[in-house]
Amino acid sequence: MRKTCIALALAAMLPAAHAAFPDRPITLIVPFPAGGPTDIVGRLAAAKAGEILGQQIVVENRTGASGTIGMTATARAKPDGYTVGLATVSTHGTAPHLFPNLAYDPVKDFTPISNLVTSPNILSVYPQFPAKTLADFVAHVRANPNKDGYANAGAGGVNDLGMIWFLQLIGGKMNSISYRGSAPALTDTVGGVVPVIFDNFPSSLPYLKSNHLRALAITGTQRNPRLPDVPTFAEQGYKDYDVTAWYGVVGPADLPADVRDKLAQAFAQAVRDPATAAKMEETGAFPLGNTPAEFGQQIRTESERWKSVIEKAQVKLQ
Ligand code: GLU
């Protein structure tokens, strides 16, 4: 009886114990390099959410293995809300089905906080590449198996897998050239080292605008207002082919509910803040800022979706 009373009294004190959260800076682990889409979204959201919380949110880039290194660090952090990470479709949707030795379970080892932003993906080529349209590209790839490479932000990540899936659809073969993230992949494509890139839209957009890359097709049901001349895959005949990227804040498993909710509210408010939302939209991404329950459901749905794509296409990492 006495024990129960003490336990109850302690439980009643818990929310009060976190009431001061956050009373020091928070670290946001971004699992891809600076200049890539995860980093762009992470830094914009962290600046505003930090302002809302009254504490700085420091971005730490921990890159490698398609974002899974940074996510392993996030899963292993102390569940106190002072270390969170920016999960992506690669770290939580695709990689778990392709990396046999992955150190985390995308559902059990994390506390979903808020999915901040979604983004289409775009297939682009180096300006000197012979294909001017998606139809040209398909014909070129079919006629030249394994001749060209495509740059992507990590083996087994969404940009690698999105391309593998498309190549399956058209019966083509290309070499996958993987980098630590979009930023280094783009450097090599713009430099003509690897002529093709399948990338999340925000990182490719500046190169497309300056004509250092030529876009052939964008994913999604609608064209993107930032580049309205670029046709979707769907309108060019690939109706069932859709690949969406997203970036959402997660903490380690067992984050206290009050801390989780405080972070979720701050991040959601941040991406909906008109000035921050406008900056996100300028990159071609779509601000979201959903609840922990909604994001948790999305992670499960995305993981199932990619599992079935991977099984159907029989994708294996070399
Ligand atoms: N393509 C990666 C993803 O969506 C992000 C790459 C990057 O931020 O450099 O998971």
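Per residue, the chain exposes 44 Å² of solvent-accessible protein surface, assessed with a 1.4 angstrom probe and all protein chains in place. Modelled spin-label separation between ASP105 and LYS78, with each label point placed 7 Å from Cα along the Cα-to-Cβ direction: 2.6 nm. Taking max minus min of the alpha-carbon positions on each principal axis, the stretch 101-146 gives extents of 46, 28, 16 Å, largest first. Legend: calculated FRET efficiency, SER308 to LYS239, from the Cβ-Cβ distance at R0 = 22 Å, rounded to 0.05, equals 0.80. Going by a ≥ b ≥ c, the root eigenvalues of the Cα gyration tensor, does the stretch 46-124 fall in the rounded group (a/c under 1.5), the prolate group (a/b larger than b/c) or the oblate group? Since a/c reaches 1.5 but b/c is at least a/b, the shape of the stretch 46-124 is classed as oblate.
Computed extension gain for THR221 through ILE52, at 0.36 nm per residue and net of the alpha carbon distance, reaches 57.4 nm. Over the Cα atoms of the stretch 275-318, each weighted equally, I'd like the Debye log10 I(q)/I(0) at q = 0.13, 0.20, 0.34 Å⁻¹, rounded to two decimals. Computed log10 I(q)/I(0) values: -0.52, -0.77, -1.04. Over the stretch 199-317, the ratio between the Cα radius of gyration and 2.2 N^0.38 Å evaluates to 1.27.
Give the residue from GLY248, PRO206, ALA313 lying farthest towards the positive end of the charge dipole for the chain; charges sit on Cβ (+1 for Lys and Arg, -1 for Asp and Glu) and the dipole is referred to the Cα centre. Positive-end residue among those listed: ALA313. Counting only the Cα atoms, the stretch 99-223 fills a convex hull of 134 Å³ per residue.
For LEU116, the residues whose modelled amide H falls within less than 5 Å of its own, excluding neighbours fewer than 5 places apart on the same chain, are TYR247, GLY248, VAL249, GLY289. The distance separating the Cα centre of the stretch 82-154 from that of the stretch 292-311 comes to 15 Å.
Which shape class applies to the stretch 197-254: rounded if a/c is under 1.5, otherwise prolate when a/b exceeds b/c and oblate if not, where a ≥ b ≥ c are the square roots of the Cα gyration tensor eigenvalues? Note, shape of the stretch 197-254 comes out oblate.
Projected onto planes of every orientation and averaged, the convex hull of the alpha-carbon atoms in the chain covers 16.8 nm². Take the Kirkwood radius over Cα pairs of the stretch 144-192, plug it into Stokes-Einstein at 20 °C and 1.002 mPa s, and you get 196 µm²/s for translational diffusion. Based on the convex hull around the alpha carbon atoms, the stretch 36-79 presents an average projected area of 3.5 nm².
Using Cβ point charges alone (K and R +1, D and E -1), the dipole size of the stretch 182-239 about the Cα centre works out to roughly 140 debye. Helical runs (DSSP H, four residues minimum) scored at -39500 (n - 2.57) apiece and divided by the length of the chain put the mean residue ellipticity at 222 nm at -13000 deg cm²/dmol.
The values are calculated or read from the model by the stated rules, or taken from the named source; none is laboratory data. In this text, all values refer to a predicted model and were calculated from it rather than measured experimentally. Note that each Cβ is placed from the backbone with ideal geometry, even for glycine, and that neighbours are counted across all protein chains shown. Side chains included, ligands, DNA and RNA excluded: accessible areas come from the protein's heavy atoms. Shrake-Rupley method; radii C 1.70, N 1.55, O 1.52, S 1.80 Å.
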